[in-house]
Amino acid sequence: MSEFMPLTPNKLRSGCRDGSFDGPTSGHAPGFVQANMVILPSDYADEFQQFCDKNPQPCPVLEVLTPGGFEPEQIAPLADVRTDLPRYRVFREGKAIADATDISELWCDDLVTFLLGCSFVAEDALMKEGLLLPHIAETGFVPMYRTTVPCAPAGRFNGTMVVSMRPFTPDEADRAVDVTKHYPMAHGAPIHIGDPAALGIKDVARPEFGQPVTMTKGQVPVFWPCGVTPQEAIVNAKPPLAITHAPGHMFVADITSESTRI
């Protein structure tokens, strides 16, 4: 296996823009914020903002752009949300119809972009504590699962939570809680440790998003709320158009993860 070489935020976004990078972003730009993204027509934006406000752990808001705006002002000035993600997911009437590497042709002045916190924000802090993250070494894709945990509804947006999973020993899981509870923009502390069935997950070896990871003897699954949760709510809200990041393919910002620590 070749040595993993992480990219800086600017180099990663430049690679997305010129087509030379279209892979998962976990492990890249260590120490910098990565963001989930949701783009909706303006007449859905207020309800989605309410959905985020009611469900802050899976949907922590980093920045909301003005209608038609495509350059974040706070977390990555001069970046372009139409081109600077490695892969996008396009929804029509609540159905995912395509993945794309550029959404410029879909853009219009009515679209509102939400940039939401991601668990990758805390991964550098976890690794600095000596906690190994097998998905970075194995596939680059953290495993993500649909659960039966309901989100608080807001207007047309409703659904159940999606979670990401990282395996640790019980002692390591306690340390992971202590680290991640300080990062609300990374979804904060885990919502569950141990038996996946408590979340309605039937088989951790078969995630709905991402890729499975190796679990060794003595490890337990540790679950965090995940920013793919809004994609489940979009399926139910059925806007005429919605655009998100493809799971695992995040927007990489210029602000540091430590700047979001509390």
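The values are calculated or read from the model by the stated rules, or taken from the named source; none is laboratory data. Predicted model, so just to flag it, every value in this text is computed and none were measured. Glycine gets a Cβ as well: all are built from the backbone with ideal geometry, and neighbour counts include every protein chain shown.
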Looking at Thr8, is it buried (at least 20 other Cβ atoms within 10 Å of the Cβ), among the hydroxyl-bearing types (Ser, Thr, Tyr) and either under 17 Å from the mean Cα position of the chain (by Cα) or under 22 Å from Thr256 (Cα atoms) (or both)? no
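Being surrounded by fewer than 23 Cβ atoms within 10 Å (Cβ to Cβ), in contact with an Asp or Glu (Cβ under 8 Å, 6 or more places away or on another chain) and touching a residue at least 12 places away in the same chain (Cβ under 8 Å) is true for just one of Pro167, Pro196. Which residue is that?
Details: Pro167 fails: in contact with an Asp or Glu (Cβ under 8 Å, 6 or more places away or on another chain).
After applying the criteria, what remains is Pro196.
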I'd like the residue in region 232-258 that is β-branched (Val, Ile, Thr) and assigned to a helix (DSSP H, G or I) and, out of all such residues, is nearest to Pro72 (Cα to Cα). Ile234
Between a first residue in region 28-48 that is at positive phi and a second residue that is part of a helix (DSSP H, G or I), which pairs have beta carbons less than 8 Å apart while being 6 or more apart in sequence or on different chains? Ala29/Pro9; Ala29/Leu12; Gly31/Asp124; Gly31/Ser257; Gly31/Glu258
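Look through Gly218, Gly188 and report the one residue that is buried (at least 20 other Cβ atoms within 10 Å of the Cβ) and not in a strand (DSSP E or B).
On the way: Gly218 fails: buried (at least 20 other Cβ atoms within 10 Å of the Cβ).
It is Gly188.
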Taking only region 154-164 into account, find how many residues are surrounded by fewer than 20 Cβ atoms within 10 Å (Cβ to Cβ) and out of contact with any Ser or Thr (no Cβ under 9 Å at 6 or more places or on another chain). 4
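Test of understanding: among Pro72, Pro77, Pro67, which residue is crowded, with 23+ Cβ neighbours inside 10 Å, more than 15 Å from the chain's Cα centre (by Cα), of a type outside the set (A, V, I, L, M) and part of a loop (DSSP other than H, G, I, E, B)? It would help to see each step written out before you state the result.
Details: Pro77 fails: crowded, with 23+ Cβ neighbours inside 10 Å; Pro67 fails: crowded, with 23+ Cβ neighbours inside 10 Å.
Criteria check complete, one pass: Pro72.
Any residue at all in region 222-229 that's assigned to a loop (DSSP other than H, G, I, E, B) and either surrounded by fewer than 24 Cβ atoms within 10 Å (Cβ to Cβ) or hydrophobic (A, V, I, L, M, F, W, C) (or both)? Outline the logic, then answer.
Kept after step one, since they are assigned to a loop (DSSP other than H, G, I, E, B), are these residues of region 222-229: 226-228.
Still in the running and either surrounded by fewer than 24 Cβ atoms within 10 Å (Cβ to Cβ) or hydrophobic (A, V, I, L, M, F, W, C) (or both): 226, 228.
Yes, that holds for at least one residue.
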Quickly run through region 213-234 and pick out the residues that are among the hydrophobic types (A, V, I, L, M, F, W, C), out of contact with any Gly (no Cβ under 8 Å at 6 or more places or on another chain) and under 15 Å from Asp203 (Cα atoms). Val213, Met215, Val222, Phe223
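Residue-wise test of (1) modelled with pLDDT of 95 or more; (2) out of contact with any strand residue (DSSP E or B) (no Cβ under 6 Å at 6 or more places or on another chain); (3) farther than 15 Å from Gln231 by Cα.
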site: Pro77; (1), (2), (3): yes, yes, yes
site: Glu93; (1), (2), (3): yes, yes, no
site: Lys128; (1), (2), (3): no, yes, yes
site: Ile136; (1), (2), (3): no, yes, yes
site: Thr147; (1), (2), (3): yes, no, no
site: Thr169; (1), (2), (3): yes, yes, yes
If you go through Asp110, Asp84, the only one that is more than 30 Å from Lys202 (Cβ to Cβ) and surrounded by fewer than 17 Cβ atoms within 10 Å (Cβ to Cβ) is Asp110
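Could you check region 82-123 and list, in sequence order, the residues that are part of a loop (DSSP other than H, G, I, E, B) and among the β-branched types (Val, Ile, Thr)? Please lay out each step first, then the result.
Residues of region 82-123 part of a loop (DSSP other than H, G, I, E, B): 82-87, 93-94, 101-103, 107-110, 118.
Across region 82-123, the qualifying residues are Thr83, Thr101, Ile103.
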Please state which of the following conditions Glu258 fails to meet, knowing it meets all the rest: (1) surrounded by 19 or more Cβ atoms within 10 Å (Cβ to Cβ); (2) modelled with pLDDT under 95; (3) charged (D, E, K, R). (1)
For region 96-131, what are the residues that are closer than 17 Å to Ala189 by Cα and hydrophobic (A, V, I, L, M, F, W, C)? Leu116, Cys118, Phe120, Val121, Ala122, Ala125, Leu126, Met127, Leu131
